[in-house]
Structure formats: C-alpha cells, structure tokens
1. For the structure I just gave you, tell me whether residue 113 is surrounded by fewer than 18 Cβ atoms within 10 Å (Cβ to Cβ) and within 23 Å of the chain's Cα centre (by Cα).
2. What's the total number of residues in the range 211-231 that are in contact with a Gly (Cβ under 7 Å, 6 or more places away or on another chain), touching a residue at least 24 places away in the same chain (Cβ under 8 Å) and in a loop (DSSP other than H, G, I, E, B)?
3. Could you please give the count of residues in the range 135-165 that are part of a loop (DSSP other than H, G, I, E, B) and within 14 Å of residue 105 (Cα to Cα)?
4. What's the number of the condition residue 42 fails, among (1) in contact with a Pro (Cβ under 7 Å, 6 or more places away or on another chain); (2) modelled with pLDDT of 95 or more; (3) aliphatic (A, V, I, L, M)?
5. Hey, among 103, 42, which residue is out of contact with any Asp or Glu (no Cβ under 7 Å at 6 or more places or on another chain) and within 30 Å of residue 130 (Cβ to Cβ)?
6. Restricting to the range 153-175, what's the tally of residues that are in contact (Cβ under 8 Å) with a residue 24 or more places away in the chain, under 22 Å from residue 126 (Cβ atoms) and surrounded by 19 or more Cβ atoms within 10 Å (Cβ to Cβ)?
7. Sort out which residues of the range 38-75 are free of Cβ contacts under 8 Å to residues at least 12 places away in the same chain and in a loop (DSSP other than H, G, I, E, B), and write them in order of number.
Amino acid sequence: MHQTLSEVAQLVGGRLVGKGDQVITGISGIKEAVEGDLTFLANPKYLPLASTTKASAIIVGRDVLIEGKFVIQTDNPSMAFARIVGFIKENMTPRIKGIHPKAVVAEGAVIGDRVGIGPFVVIEDGVCIGKDTVICAGVFVGQKSLIGAGSLIYPNVTIRENVSIGDRVIIHSGTVVGSDGFGYLQVGDRHEKIPQMGTVVVEDDVEIGACVTIDRARFDKTLIGRGTKIDNLVQIAHNVRTGENCLIIALAGIAGSARIGNNAIIAGQVGVAGHVTVGDRAVVAAQSGITKDVDPGAMMFGTPAEEYSKATRVMAHVKRLPRYAEEIKELRKKVQILEDKLGNTK
C-alpha cells in the first residue's frame, strides 16, 4: 500500500482531520500498528489505545477526535477499514493475462474477454467462461460447465461437468464442486450406486472456502443461493438448497435435500439432517445437531438442537447433576429416618 491520507479518505467517503499528504504504507490492528500504518477504532473500550498506538492515522466514528493523531471520520469505522483492506486485497489478487501456454483448453470452449487462465489448467469441451474471470494454476473445469464474469478460481479447484458458477464468485483451493452425491441402494449385502444425474448451481457473489465439497443432485440441482459465504471444510450434500446471504462455517455438514433459508447462519461443526428445513434468519450455534425443522428467526443449540435458552438451561442443570445426586442421597436418608420413626410409633 502507498496512498496519501487524502486518497484514503476519498476512498472510504470519510472526513480527514490532519495532513492530507501523509503517506500510508500498511494496515494493522491498533495494538500492532507501526509508523506508516492505518488502523481503526470501532469499539469504545479500545479508546485508551488510540493515544498510544504507533499508527500514523486512525479511522474513527464521525464525531471522534484523538489528540495528537490524524483521523478519518466515518459513519462506520469497521466497514471503512474493511473497504481499505479490500482495496489492498484486490491489488494482491492474481493477475493472470491471457491463456498460459501450458493450459489445455478445448477447441469447443468459449472464453470471454480478458479471461486469465494459468498453467496446467484443463478446460473441457463446451465450457463457457465469462469476461474478467481468473482461473489459477491446476484448475479442472468439466464439460459444459459455466463460469460467470469477474469470478476468481484459486489453484487446484475441481469444477465437474455441467456445473453452473455465477458472476463474481470466489472459490478457494482444494474445493470440489459437482462431485457425485452419496447415494446407494442396498441389494443383498452390496451397496449399488445410484447415478447422480443432476447439477450444482452456484449463484452470483458466493464465496466458497478451501476444501469444500458440494455434491451434484441426484436429479435437478444442488443450489447455493446468491451472496452466501461458505467457510473451509464444509460438506454440502446432493439436492441441498441454501437461500441467499447465508453463512456456513467450517466443518459444517448439510445432508441431502436439506433446505437452508435466506440469511441463516450455520455455525462451526453443525450437522443438519437430510430433508430438514432451517428457516430464514435462523442461527444454529456451533456443534449443534439439527434433526427437525427450525422456525424462521430461531436460535438453536445442542444435539439434538433445542431453542437456545432452553438448551443452555438444560446444560446448566446437567453440570449440576453431581450436586443434585448428593442432595437426593441426603434427602433419601432423611426420608428413611422419618419412615423409621413413623414405623416405630405404630
């Protein structure tokens, strides 16, 4: 990064208090920042650090001033700082121009304007790639798959045949989109494979983390809704449909034909059973197991998951079980003494 404070303020739509020609060469947290860095202050509890940070400038709220520091006043310091980070990240994004001579691109593939294709990429027949998309080294794209405009496919991603990827999609290394759904029929002592003839559709503005697996549908499609963000090491089974703008966190597993509503959050290590519906805006806390439908807006926790406040009360009682056991033992002794006394009076 090498931007003046005036340029940074203009980028985030903020008001600069300080020298506009001060040059920013990096970004960092408020504790770790050094001279030349830009940092931000969003949480008031960190205000004491603002006077001791070595950062050259701080992004703050609209009415915040810090004595002896250059500041950029904004409506949302966290969002403004994220925009700066995004600006830097964009400049660090792989810039592959044209088709590398060691890429294998079928004659029947349609490649849009300004597409970059790295070495050892395989693009099979009938593939269509939209303009400004970058395909990094070692990616495989199967027959008749579609990738929209402005997408970024990091190295060693596998996109199987007849898969559709939307515009501005980011897929990180090691992910497989369109692997066969896990479907078998038991015939005697054997498991006979059920052909998985459907597809996967990933809509616009989705980001898929590293080593994610998204299975193709048995029929029809597995769908990842617009704007959904998927963390690393997530398994999404055949015929699953997520809504728009979902968050699905690392190590979650969603079984076949489950439905996830718009803006739902599936936290880390959550398991969702097959054919279950998680409603819009629902939140499933980490390590929970969803075995039945979840109402819109609900917050769930535990295995099997219950409404969050109920589940935490139950957990609190479980932790007290040793104490309860001792109390019950003492009560039994007292009851026995009373029964013995009553028996002696008869």
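The values are calculated or read from the model by the stated rules, or taken from the named source; none is laboratory data. Note that the coordinates shown come from a computational prediction; the quantities given were computed from them, not determined experimentally. No Cβ is skipped: glycine too gets one built from the backbone with ideal geometry, and neighbour counts run over all protein chains shown.
1. Working: surrounded by fewer than 18 Cβ atoms within 10 Å (Cβ to Cβ): yes; within 23 Å of the chain's Cα centre (by Cα): no.
The answer is no for residue 113.
2. Number of matching residues: 6.
3. Taking the range 135-165 and keeping what is part of a loop (DSSP other than H, G, I, E, B), we get 136-139, 142-145, 148-151, 154-157, 160-163.
Filter once more, keeping what is within 14 Å of residue 105 (Cα to Cα): 136-139, 142-145.
The qualifying residues number 8.
4. That leaves (2) as the condition not met.
5. Working: 42 fails: within 30 Å of residue 130 (Cβ to Cβ).
Going through 103, 42 in turn, the sole match is 103.
6. Residues meeting the conditions: 8.
7. 43, 52, 63
This table checks each residue for (1) over 26 Å from the mean Cα position of the chain (by Cα); (2) of a type in the set (A, V, I, L, M); (3) in the same structural domain as residue 216 (by TED's automatic domain parsing).
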position	(1), (2), (3)
123	yes, yes, yes
129	no, yes, yes
134	no, yes, yes
137	no, yes, yes
146	no, yes, yes
150	no, no, yes
156	no, no, yes
159	no, yes, yes
163	no, yes, yes
